[in-house]
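*Asks:* Below you will find the structure I want to go over with you.
The values are calculated or read from the model by the stated rules, or taken from the named source; none is laboratory data. Quantities reported herein were computed from a predicted structural model and do not represent experimental measurements. Please note: Cβ atoms are built from the backbone with ideal geometry, for glycine as well, and neighbour counts cover all protein chains shown. Only protein heavy atoms, including side chains, enter the accessible area calculation; ligands, DNA and RNA are left aside. Shrake-Rupley method; radii C 1.70, N 1.55, O 1.52, S 1.80 Å.
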Amino acid sequence: MTQADPKNFHIKSFGCQMNVYDGERMAELLVDQGMSVAVSGEDADLVVLNTCHIREKAVDKVYSDIGRLRRKDGSSPMIAVAGCVAQAEGQEISRRAPSVDIVVGPQAYHRLPELMELAKSGKKALDTDMPAVSKFDVLPSRGKQARPTAFLTVQEGCDKFCTYCVVPYTRGAEISRPWADLIDEAKALVDGGAREITLLGQNVNAWTGDDEKGNHQGLDGLIRALDRISGLKRIRYMTSHPNDMTERLIAAHGEVAKLMPFLHLPVQSGSDRILKAMNRSHSAQSYLDILEQMRKVRPDIALSGDFIVGFPGESDQDFEETLQIVRDANYSQAFSFKYSPRPGTPAATMAEQIAPELMDERLQRLQALLNEQQYAFNLQTVGRTTDILLERQGKLEGQLLGKTPWLQSVHIISPNLKIGDLVEIEITQAGPNSLTGQIKERLAA
Ligand code: 5AD
Ligand code: SF4
């Protein structure tokens with residue numbers, strides 16, 4: 001079907017923060033082309049589904065979303081499928097969902113305008129290349145920020161090849177963006193109103209590069225350079241791999257005040273047997289050793305993680321060891337998933353796939369323990385005075401929502417505050433998922 005000239009667009013991002021970042025860059029690109037942001041998905045001339053391929057459920061969601069885009073009169077907007085499903089399934093998407101006009105992978109979305117031209121002339125437009133020219137070199141530079149918290153992708157791709165994971169296939173090999181580009185983008189974000197930057201990467205702590213003097217730097221060096229941007233108040237990074245957790249990065253947590261006391265460090269399983277089958281190349285003990293080092297320099301660090309239950313061959317004993325590492329590590333929050341076999345990954349064809357009912361039961365037990373730890377973590381912060389960065393409006397009249405240094409959400413009601421303020425509060429109440437605070441004073445801007 002030939003599409004009219006789209007004037008406005010809506011982007012829906014699924015999955016990880018890298019997709020949120022890519023969604024923002026696509027939006028900036030389309031605005032740069034003269035398009036506007038549609039009020040809602042229903043009103044949009046172009047809908048971009050920025051997809052996630054990590055688990056089967058995430059993929060199913062994309063196809064049901066495509067179906068729902070058909071309007072009452074039978075027409076549909078121009079539809080672009082971007083992200084990791086686009087990369088993994090390519091042409092198959094148009095076969096399964098003929099209403100899709102554009103399929104564009106995570107390394108090719110800077111070509112969206114050209115692909116839209118193709119789609120307008122009624123052609124199917126597909127680009128899942130991983131080109132030598134980086135998309136970052138051709139995307140428009142960063143402008144005014146809608147929020148005081150910004151994402152900055154510093155590293156993409158993964159060379160770790162965990163046996164369950166599609167990321168090395170959909171996002172390609174590990175690539176670090178150059179130092180100067182990142183410093184420039186961070187400064188542009190801060191000039192645009194960002195006060196907190198979260199550095200992103202599938203293996204963010206594998207980032208390496210040469211600084212302006214030609215000295216080789218790791219993520220800790222980049223963090224120290226960003227620390228010198230005066231308008232920037234907070235720095236975070238995620239997601240980290242245990243094998244790339246260097247002594248220097250750990251040390252930075254004790255020395256760089258803007259680096260927030262929060263670490264997302266997935267362990268996936270507490271069983272060495274399963275970790276080996278997952279090709280994680282770290283053990284339960286080496287993971288705990290990293291935490292011990294980290295807590296020496298930053299005793300209050302809040303720990304987050306990812307877990308997979310029901311990996312092929314996971315016995316009751318293996319699962320008990322996962323519960324044990326959770327008790328030993330003590331998380332402030334965490335994500336946990338049932339193992340989902342992904343086409344083309346080694347684990348998908350391993351013997352001893354686990355029955356869905358057993359996975360359900362294990363996931364419930366694990367989540368009960370993780371929820372207990374999260375609530376306990378929140379409770380122990382009651383009475384503490386800390387600063388929060390106000391990020392958005394709350395649901396109640398006059399209510400604002402901010403984040404503590406430990407990434408907990410805090411609700412606060414104060415008529416004199418606005419989004420972007422960094423304020424000192426006392427935490428007065430804790431729930432399982434969020435806190436309530438009372439204003440102490442506004443911190444110096
Ligand atoms: N099944 C279930 N969870 C998975 N993850 C990655 N691949 C799979 C899979 N096949 C989880 C891991 C990873 C997080 C982003 O998603 O825990 O850290
Ligand atoms: Fe996937 Fe493992 Fe790479 Fe993380 S480290 S993206 S889980 S392959």
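*Asks:* Looking at MET238, MET260, can you tell me which residue is open to solvent by 20 Å² or more (accessible area, probe 1.4 Å) and within 22 Å of the chain's Cα centre (by Cα)?
*Replies:* On the way: MET260 fails: open to solvent by 20 Å² or more (accessible area, probe 1.4 Å).
Going through MET238, MET260 in turn, just one is open to solvent by 20 Å² or more (accessible area, probe 1.4 Å) and within 22 Å of the chain's Cα centre (by Cα): MET238.
*Asks:* Tally the residues that are without any contact (Cβ under 8 Å) to a residue 60 or more places away in the chain, surrounded by 18 or more Cβ atoms within 10 Å (Cβ to Cβ) and out of contact with any Leu (no Cβ under 9 Å at 6 or more places or on another chain), restricting the search to the stretch 72-92.
*Replies:* 1
*Asks:* Contact list please: Cβ distance under 7 Å, first residue in the stretch 342-363 and within 18 Å of ASP60 (Cβ to Cβ), second residue in a helix (DSSP H, G or I) and within 16 Å of ligand 2 (Cβ to nearest atom), pairs at least six apart or on different chains.
*Replies:* These pairs meet every condition: ARG342/ALA348; GLY344/TYR169.
*Asks:* Please find, among ILE175, ILE197, ILE229, ILE250, the residue that is over 28 Å from GLN408 (Cβ atoms) and of a type in the set (A, V, I, L, M, F, W, C). Talk me through it step by step, then tell me what you get.
*Replies:* Working: ILE197 fails: over 28 Å from GLN408 (Cβ atoms); ILE229 fails: over 28 Å from GLN408 (Cβ atoms); ILE250 fails: over 28 Å from GLN408 (Cβ atoms).
Matching residue, one of ILE175, ILE197, ILE229, ILE250: ILE175.
*Asks:* Taking ASP181 as the residue in question, decide whether it is touching a helix residue (DSSP H, G or I) at 6+ places or on another chain (Cβ under 7 Å), part of a helix (DSSP H, G or I) and open to solvent by 50 Å² or more (accessible area, probe 1.4 Å).
*Replies:* Numbers: touching a helix residue (DSSP H, G or I) at 6+ places or on another chain (Cβ under 7 Å): yes; part of a helix (DSSP H, G or I): yes; open to solvent by 50 Å² or more (accessible area, probe 1.4 Å): yes.
Here the answer is yes, as ASP181 does meet what is asked.
*Asks:* Restricting to the stretch 32-59, give me the number of residues that are farther than 20 Å from PRO106 by Cβ and aliphatic (A, V, I, L, M). Write out each step before concluding.
*Replies:* Initial filter on the stretch 32-59 (farther than 20 Å from PRO106 by Cβ): 34-45.
If we keep only those that are aliphatic (A, V, I, L, M) as well, we get 35, 37-39, 44.
Summing the residues that are farther than 20 Å from PRO106 by Cβ and aliphatic (A, V, I, L, M) in the stretch 32-59 gives 5.
*Asks:* Could you look through the stretch 387-438, keep only residues that are under 27 Å from the mean Cα position of the chain (by Cα), open to solvent by 10 Å² or more (accessible area, probe 1.4 Å) and of a type in the set (Val, Ile, Thr), and pick out the one that is nearest to ASN371 (Cα to Cα)?
*Replies:* Applying the filter and picking the extreme gives THR436.
*Asks:* Identify the residue in the stretch 25-74 that is assigned to a strand (DSSP E or B) and farther than 12 Å from VAL85 by Cβ and, among all such residues, is nearest to ligand 1 (Cβ to nearest atom). Talk me through it step by step, then tell me what you get.
*Replies:* Initially, the stretch 25-74 is screened for residues assigned to a strand (DSSP E or B), giving 36-37, 46-51.
Retained after the next criterion (residues that are farther than 12 Å from VAL85 by Cβ): 36-37, 46-48.
On the way: SER36: 33, VAL37: 28, LEU46: 28, VAL47: 25, VAL48: 22 Å.
Step by step, filter the stretch 25-74, then rank; the result is VAL48.
*Asks:* Pairs please, first residue from the stretch 31-43 and among the polar types (S, T, N, Q), second anywhere and surrounded by 10 or more Cβ atoms within 10 Å (Cβ to Cβ), Cβ atoms under 7 Å, 6+ apart in sequence or on different chains.
*Replies:* Taking only residues 6 or more apart or on different chains, the pairs are GLN33/PRO113; SER36/LYS7; SER36/ASN8; SER40/HIS10.
*Asks:* So, one more: Suppose we filter ASP360, ASP328 for residues that are under 30 Å from TYR169 (Cβ atoms) and open to solvent by 40 Å² or more (accessible area, probe 1.4 Å); which single one remains? Write out each step before concluding.
*Replies:* On the way: ASP328 fails: under 30 Å from TYR169 (Cβ atoms).
The match here is ASP360.
*Asks:* Sticking with this one: When the residues of the stretch 120-145 are filtered to those that are assigned to a loop (DSSP other than H, G, I, E, B), at pLDDT 85 or above and open to solvent by 60 Å² or more (accessible area, probe 1.4 Å), which remaining residue is nearest to GLY83 (Cα to Cα)?
*Replies:* For the stretch 120-145, the residue satisfying everything is ASP129.
*Asks:* Here's another thing I want to ask about it. Which residues, counting only those in the stretch 148-174, are assigned to a loop (DSSP other than H, G, I, E, B) and either within 11 Å of ligand 1 (Cβ to nearest atom) or within 21 Å of GLN217 (Cβ to Cβ) (or both)?
*Replies:* Initially, the stretch 148-174 is screened for residues assigned to a loop (DSSP other than H, G, I, E, B), giving 148, 154, 157-166, 171-174.
VAL154, GLY157, CYS158, ASP159, LYS160, CYS162, THR163, TYR164, CYS165, VAL166, ALA173, GLU174 - these are the residues of the stretch 148-174 that are assigned to a loop (DSSP other than H, G, I, E, B) and either within 11 Å of ligand 1 (Cβ to nearest atom) or within 21 Å of GLN217 (Cβ to Cβ) (or both).
*Asks:* PHE311 passes all but one of (1) more than 11 Å from ligand 1 (Cβ to nearest atom); (2) within 24 Å of MET238 (Cβ to Cβ); which number fails?
*Replies:* (1)
*Asks:* Listed residues GLN268, GLN285; which is within 16 Å of ligand 1 (Cβ to nearest atom), open to solvent by 10 Å² or more (accessible area, probe 1.4 Å) and modelled with pLDDT of 95 or more?
*Replies:* Details: GLN285 fails: within 16 Å of ligand 1 (Cβ to nearest atom).
From the options GLN268, GLN285, the qualifying one is GLN268.
*Asks:* Residues being out of contact with any Pro (no Cβ under 9 Å at 6 or more places or on another chain) and surrounded by fewer than 21 Cβ atoms within 10 Å (Cβ to Cβ): count how many of those fall in the stretch 300-317.
*Replies:* 4
*Asks:* Can you report the number of residues in the stretch 184-202 which are within 16 Å of ligand 1 (Cβ to nearest atom) and either surrounded by fewer than 20 Cβ atoms within 10 Å (Cβ to Cβ) or over 22 Å from THR128 (Cβ atoms) (or both)? Write out each step before concluding.
*Replies:* First pass over the stretch 184-202, keeping only residues within 16 Å of ligand 1 (Cβ to nearest atom): 198, 200-202.
Subsequent filtering for residues that are either surrounded by fewer than 20 Cβ atoms within 10 Å (Cβ to Cβ) or over 22 Å from THR128 (Cβ atoms) (or both) retains 198.
So the answer is 1.
*Asks:* Right, next: Checking the condition within 13 Å of ligand 1 (Cβ to nearest atom), under 30 Å from ILE250 (Cβ atoms), touching a helix residue (DSSP H, G or I) at 6+ places or on another chain (Cβ under 6 Å) and not hydrophobic (A, V, I, L, M, F, W, C), which residue from SER336, SER304 passes?
*Replies:* On the way: SER304 fails: touching a helix residue (DSSP H, G or I) at 6+ places or on another chain (Cβ under 6 Å).
Going through SER336, SER304 in turn, just one is within 13 Å of ligand 1 (Cβ to nearest atom), under 30 Å from ILE250 (Cβ atoms), touching a helix residue (DSSP H, G or I) at 6+ places or on another chain (Cβ under 6 Å) and not hydrophobic (A, V, I, L, M, F, W, C): SER336.
*Asks:* Picking from GLY310, GLY270, GLY344, which residue would you name as being away from ligand 2 (no atom under 15 Å from the Cβ) and at positive phi? Reasoning before the result, please.
*Replies:* Numbers: GLY270 fails: at positive phi; GLY344 fails: away from ligand 2 (no atom under 15 Å from the Cβ).
After applying the criteria, what remains is GLY310.
*Asks:* Could you list, in sequence order, the residues of the stretch 10-24 that are in a helix (DSSP H, G or I) and within 16 Å of ligand 1 (Cβ to nearest atom)? Talk me through it step by step, then tell me what you get.
*Replies:* Narrowing the stretch 10-24 to residues in a helix (DSSP H, G or I): 17-24.
Within the stretch 10-24, GLN17, MET18, ASN19, VAL20, TYR21, ASP22 meet the criteria.
*Asks:* Could you check the stretch 8-57 and list, in sequence order, the residues that are in contact with a Pro (Cβ under 7 Å, 6 or more places away or on another chain) and of a type in the set (Val, Ile, Thr)?
*Replies:* The answer is VAL47, and nothing else.
*Asks:* Oh, and also: One residue is enough: does the stretch 315-329 have a residue meeting the conditions over 26 Å from MET238 (Cβ atoms), out of contact with any Asp or Glu (no Cβ under 8 Å at 6 or more places or on another chain), in a loop (DSSP other than H, G, I, E, B) and more than 12 Å from ligand 1 (Cβ to nearest atom)?
*Replies:* Yes; the residues of the stretch 315-329 include at least one that is over 26 Å from MET238 (Cβ atoms), out of contact with any Asp or Glu (no Cβ under 8 Å at 6 or more places or on another chain), in a loop (DSSP other than H, G, I, E, B) and more than 12 Å from ligand 1 (Cβ to nearest atom).
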